[in-house]
Amino acid sequence: MKRLVLVSALLFSAFAAPSAMAGPTLGGSMPDKPFDNLQMIYNTDPALQCYRTARDGVDLNFGLEHCNTAVIDPMMNYRAQTFVNRGIIRFDMGDRKGALNDFSNALEYNPSLGDAYLNQALVLVAEKRPAEAMTAINQGIALGATNLQVAYYTRGEVEDDAGHYAQAYRDYKQALLVKPDYAPAQRQLERFKVVPKRTPTQ
């Protein structure tokens, strides 16, 4: 399989009032639930920092700490997206099990988040679990994942690896319909030679 690039979940708005940061110490075990009766005040928005790290793939430990802060905040409005972003960071750090756990957490908070299914599928492909990956990809497509070209391309790769070349070709083509300049799909399509279907003679 080619290198996987997971897709960060966009936060539509996430700005907290400036002040000194208060709350639990960062680091340690990965929190999965908000802390009840906790009021957190930030001078930096942790959910936004988490998103930026997932998007850019740099300074992963810094981003992970901000993700951990964001997910324990009971007032967090974008918890599902934050779990997706933390899952991407954990995957980039080599923690595939943790990434899958975060995508499951995201779906617990928002079962219709197509991006969580798509990122889950990308990790399952890396784990060589193609049947589960296909199920997750199909769910992501059905729910309108943000980067559908990645979904179709990844499904094409799974089909390609399974020897289902006609289906793979169609999905690579579909990826280009979604995003005509999508280079990975263009490269894959160069491998294919399309021949006309023979018609039976009378």
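Some points to look at:
- Taking segment 63-90 and a reference point 7 angstrom along Cα→Cβ of Asp56, the backbone N atoms nearer than 15 Å belong to 63-67, 89.
- Mean accessible surface per residue for segment 47-202, computed with a 1.4 Å probe while every protein chain stays in place, in Å²: 51
- Counting only protein heavy atoms and using a 1.4 Å probe, the accessible area of Glu190 comes to about 150 Å².
- His66, His164, ranked by accessible area, largest first (probe 1.4 Å): His164, His66
- Take Met134: with every protein chain present and a 1.4 Å probe, its accessible area is about 50 Å².
- Kirkwood's formula applied to the C-alpha pairs of segment 38-160 gives a hydrodynamic radius of 14.5 angstrom.
- Exposure ranking of Val178, Val195 by accessible area [1.4 Å probe, largest first]: Val195, Val178
- Residues Asn77 and Glu108, FRET efficiency given R0 of 22 Å [Cβ-Cβ distance, rounded to 0.05]: 0.85
- Net charge of neighbours whose Cβ lies under 11 Å from the Cβ of Arg90, counting Lys and Arg as +1 and Asp and Glu as -1: 0
- Simple spin-label estimate for Met30 and Arg170 in nanometres, 7 Å along Cα-Cβ: 3.6
- Summing Lys and Arg as +1 and Asp and Glu as -1 over all other residues whose Cβ lies under 15 Å from the Cβ of Tyr51 gives a net charge of -3.
- Heavy atoms of Phe103: accessible area, 1.4 Å probe, square angstrom to 10: 0
- Largest-first ordering by accessible area, 1.4 Å probe, given options Arg129, Arg198, Arg55: Arg198, Arg55, Arg129
The values are calculated or read from the model by the stated rules, or taken from the named source; none is laboratory data. Just so you know, these numbers come straight off a predicted model, no measurement behind them. Note that each Cβ is placed from the backbone with ideal geometry, even for glycine, and that neighbours are counted across all protein chains shown. Ligands, DNA and RNA are stripped out before the accessible areas are found, and what is left, the full protein with its side chains, is counted by its heavy atoms. Shrake-Rupley method; radii C 1.70, N 1.55, O 1.52, S 1.80 Å.
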